[in-house]
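Notes follow the structure.
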Number of protein chains: 2
Amino acid sequence: MKRKPTDVMTMTPVAYIRTDFPDKFGIPRQSGLLPELEAVIVFEPAFRNPDALRGIEGFSHLWLIWQFSGALRDKWQPMVRPPRLGGNTPMGVFATRSPFRPNPIGLSSVRLIAVEQTEHDGMVLRVGGADLMDGTPIYDIKPYLPYTDNHADASGGFAEPLRAHELVVHDPDGLLERLPTDKRSSAVTVLANDPRPSYQHDPSREYGLYFAGFNIEFTVSENDLTVIRVTPL
Amino acid sequence: MKRKPTDVMTMTPVAYIRTDFPDKFGIPRQSGLLPELEAVIVFEPAFRNPDALRGIEGFSHLWLIWQFSGALRDKWQPMVRPPRLGGNTPMGVFATRSPFRPNPIGLSSVRLIAVEQTEHDGMVLRVGGADLMDGTPIYDIKPYLPYTDNHADASGGFAEPLRAHELVVHDPDGLLERLPTDKRSSAVTVLANDPRPSYQHDPSREYGLYFAGFNIEFTVSENDLTVIRVTPL
């Protein structure tokens with residue numbers, strides 16, 4: 001195998017994503033799990049050219065290639081322990097979508113909702129179902145091509161049905177009304193999806209979800225989630 | 001949007017792929033179009049650790065993230081002219097899978113055929129349907145997760161049916177018998193898939209396909225391809 005100096009590849013962000021998740025806690029574990037969550041892709045000035053998006057509105061879904069910028073580590077480990085396997089079953093890193101990879105690159109498919117002209121950011125892409133933290137750098141955007149990306153026959157290890165278990169969200173004091181109107185139903189969706197780490201099940205523990213500029217605090221007992229405090233960040 | 005110095009990302013190859021295509025001519029235009037084409041992924045010594053592959057055999061398909069190393073250019077252009085649109089319709093680069101992108105990164109799904117222990121290269125992955133040139137550097141390998149990567153409802157621009165048109169391959173002098181036995185049917189498949197650039201249709205023109213160590217020369221008239229020479233490279 002001939003190696004070339006250019007095989008070590010340096011990538012510059014073409015865009016950043018704006019989402020309602022300022023940290024990784026509460027982010028859906030994969031793209032598409034919560035399709036109603038909206039995010040906005042804002043291009044860097046050097047790539048803010050409407051021509052580069054010509055024809056993209058004809059696609060229903062896009063691929064995003066991005067960096068796990070909230071989970072960088074100096075060293076990679078050959079095995080990781082996926083949360084969805086309870087956090088105690090080691091799997092090879094190449095058999096998982098874990099962030100802790102030799103090259104910490106993420107791959108997500110999102111629904112393209114709209115291509116929008118904005119006053120301050122030029123043309124942006126409004127997308128649904130992104131599992132990215134706010135401010136994540138994006139290196140490439142590609143159309144999802146059904147004839148080559150869809151594998152109806154694909155099977156895989158620990159595949160998970162959409163929304164394996166949902167929590168019932170209780171907000172007895174109407175605290176979620178402190179959120180902007182257009183963020184309330186998304187917040188309930190994120191809470192119902194159970195943003196706790198899979199292996200924590202202490203009913204007395206108080207959790208905090210940073211979402212859309214607020215800290216939403218809650219407890220969980222069995223399948224019931226109760227909102228206990230909502231405060232601006 | 002806060003930018004961090006680590007947003008400029010440097011990636012090191014974790015593996016290289018061995019395919020029968022020493023140059024880009026004849027490579028299927030997308031992964032999966034010719035599923036019977038086999039390739040081998042060989043890990044770099046630093047990543048040649050069987051633990052890193054633990055559990056991967058449970059997946060039917062994998063994603064490869066790689067560099068368009070055979071098509072590097074100094075400057076990106078906002079628009080490209082996809083061959084399948086006849087080479088004369090400009091499309092935004094982010095609306096295509098063109099190699100000529102701001103970050104020249106490729107994304108392909110392949111079928112996982114086998115995880116094999118070899119004498120010289122350690123554990124390798126044998127895969128089907130790769131659209132990569134021989135020696136392409138690979139930066140990441142991820143399992144294809146049906147519940148998040150499959151979009152039965154996806155629609156897109158210039159989607160193309162599998163093997164839109166096939167050529168009838170004629171080999172009146174039995175020249176393809178010069179190829180190794182296990183490469184002959186793959187060669188016929190690649191020829192039938194029409195390895196010419198889409199916009200060339202000159203019946204007197206002689207084409208050469210480099211495949212599996214041989215130069216396979218041929219002409220094409222209407223839907224008939226005729227092999228005229230087969231010589232070792």
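Right, B:GLN67: over 26 Å from A:HIS151 (Cα atoms) and among the polar types (S, T, N, Q) or not? The answer is no for B:GLN67. Residue check, B:ARG101 against (1) of a type in the set (D, E, K, R); (2) under 18 Å from the mean Cα position of the chain (by Cα); (3) surrounded by fewer than 21 Cβ atoms within 10 Å (Cβ to Cβ), all met but one. Which one? If we test B:ARG101 against (1) of a type in the set (D, E, K, R); (2) under 18 Å from the mean Cα position of the chain (by Cα); (3) surrounded by fewer than 21 Cβ atoms within 10 Å (Cβ to Cβ), just (3) comes out false.
Among the candidates A:ARG18, A:ARG81, A:ARG48, the residue that is of a type in the set (D, E, K, R), under 29 Å from B:LEU53 (Cα atoms) and out of contact with any Lys or Arg (no Cβ under 9 Å at 6 or more places or on another chain) is uniquely A:ARG81. Quickly run through the stretch B:3-21 and pick out the residues that are at the interface with chain A (Cβ under 9 Å from one of its Cβ atoms) and of a type in the set (Asp, Glu). Passing the criteria: only B:ASP7.
If the condition is being in a loop (DSSP other than H, G, I, E, B) and more than 10 Å from chain A (Cβ to nearest Cβ), then the stretch B:78-102 contributes B:ARG81, B:GLY86, B:GLY87, B:ASN88, B:PRO99, B:PHE100.
Only residues that are within 20 Å of A:GLY32 (Cα to Cα) and either without any contact (Cβ under 8 Å) to a residue 40 or more places away in the chain or surrounded by fewer than 17 Cβ atoms within 10 Å (Cβ to Cβ) (or both) were counted in the stretch A:188-214, giving 7.
Among the residues of the stretch B:41-77, just one is within 24 Å of A:PRO90 (Cβ to Cβ), assigned to a loop (DSSP other than H, G, I, E, B), out of contact with any Gly (no Cβ under 7 Å at 6 or more places or on another chain) and more than 7 Å from chain A (Cβ to nearest Cβ), namely B:GLU44. In the stretch B:103-139, the qualifying residues are those that are in a strand (DSSP E or B) and hydroxyl-bearing (Ser, Thr, Tyr), and the one that is farthest from B:HIS61 (Cα to Cα) is B:THR118. Restricting attention to the stretch B:22-40, the residues that are farther than 15 Å from B:ALA114 by Cα, surrounded by 20 or more Cβ atoms within 10 Å (Cβ to Cβ) and more than 7 Å from every other protein chain (Cβ to nearest Cβ) add up to 4. Only residues that are under 23 Å from B:PRO22 (Cβ atoms) and buried (at least 21 other Cβ atoms within 10 Å of the Cβ) were counted across the stretch B:70-97, and they come to 1.
A short reminder: the numbers here are calculations on the coordinates, not readings from a lab. Just so you know, these numbers come straight off a predicted model, no measurement behind them. Counting neighbours? That spans all protein chains shown, and the Cβs are built from the backbone with ideal geometry, glycine included.
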